[in-house]
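Enquirer: Pasting in a structure now, in structure tokens, and then I'll have a few things to ask.
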Amino acid sequence: MGLGTKNRQNQTAETCRAHLRSAHRAQSELVEEFIQEIEGGPVSPDVTRWGKFTDTSRNVDAMLQRLDECFTRWLNGES
């Protein structure tokens with residue numbers, strides 16, 4: 001895997017985490033739990049898992065909308 005790919009994956013992960021923390025401040029504990037479920041354990045998080053919210057167009061607004069929808073479903077106990 002190239003350095004550009006790793007940087008893009010890290011940037012996607014950071015964008016998603018920052019968005020969740022900012023948009024859902026009132027639910028900060030749940031946000032952190034959701035982040036951990038996406039990435040796995042805190043020892044060796046897998047930032048590639050955030051890629052499921054992206055698409056080929058790399059539209060950030062669409063990615064964050066998909067992320068919010070997933071978080072809402074997770075809060076409601078849906079799959």
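A short reminder: the numbers here are calculations on the coordinates, not readings from a lab. Here the structure is a predicted model, which means the values were calculated and not measured. Here the Cβ positions follow ideal geometry from the backbone for every residue, glycine too, while neighbour counts run over all protein chains shown.
Enquirer: How large is ³J(HN,Hα), in whole Hz, for each residue of the stretch 45-56 in order, when computed from phi with the Karplus curve 6.51 cos²θ - 1.76 cosθ + 1.60 and θ = phi - 60°, using x for Gly and Pro?
Expert: Along the stretch 45-56, the couplings run x, 9, 5, 5, 5, 6, x, 5, 9, 8, 9, 5 Hz.
Enquirer: I'd like to know which of VAL43, ASN59, PHE71 lies farthest towards the positive end of the charge dipole of the stretch 29-73, counting +1 on Cβ of Lys and Arg and -1 on Cβ of Asp and Glu.
Expert: ASN59
Enquirer: Between the helical axis of 28-39 and the dominant principal axis of the chain, each derived from Cα atoms, what acute angle in degrees is found, rounded to the nearest 10?
Expert: 40
Enquirer: Per-residue HN-Hα couplings for the stretch 11-19, Karplus 6.51 cos²θ - 1.76 cosθ + 1.60 at θ = phi - 60°, whole Hz, x for Gly and Pro?
Expert: 5, 4, 4, 5, 4, 5, 4, 4, 4
Enquirer: Something else now. So how tilted is helix 60-75 from the main axis of the chain? Cα-based, degrees 0 to 90, rounded to 10.
Expert: Here the helix axis deviates by roughly 40 degrees.
Enquirer: Quick check on the chain: helices-only [θ] at 222 nm, where DSSP H runs of length 4 and up contribute -39,500 (n - 2.57) each and the sum goes over total residues. Nearest 500, please.
Expert: Value at 222 nm, helices only, nearest 500: -20500 deg cm²/dmol.
Enquirer: One quarter of the convex hull surface, Cα atoms only: what value does that give for the chain in nm²?
Expert: Mean shadow area of the hull around the Cα atoms is 5.6 nm².
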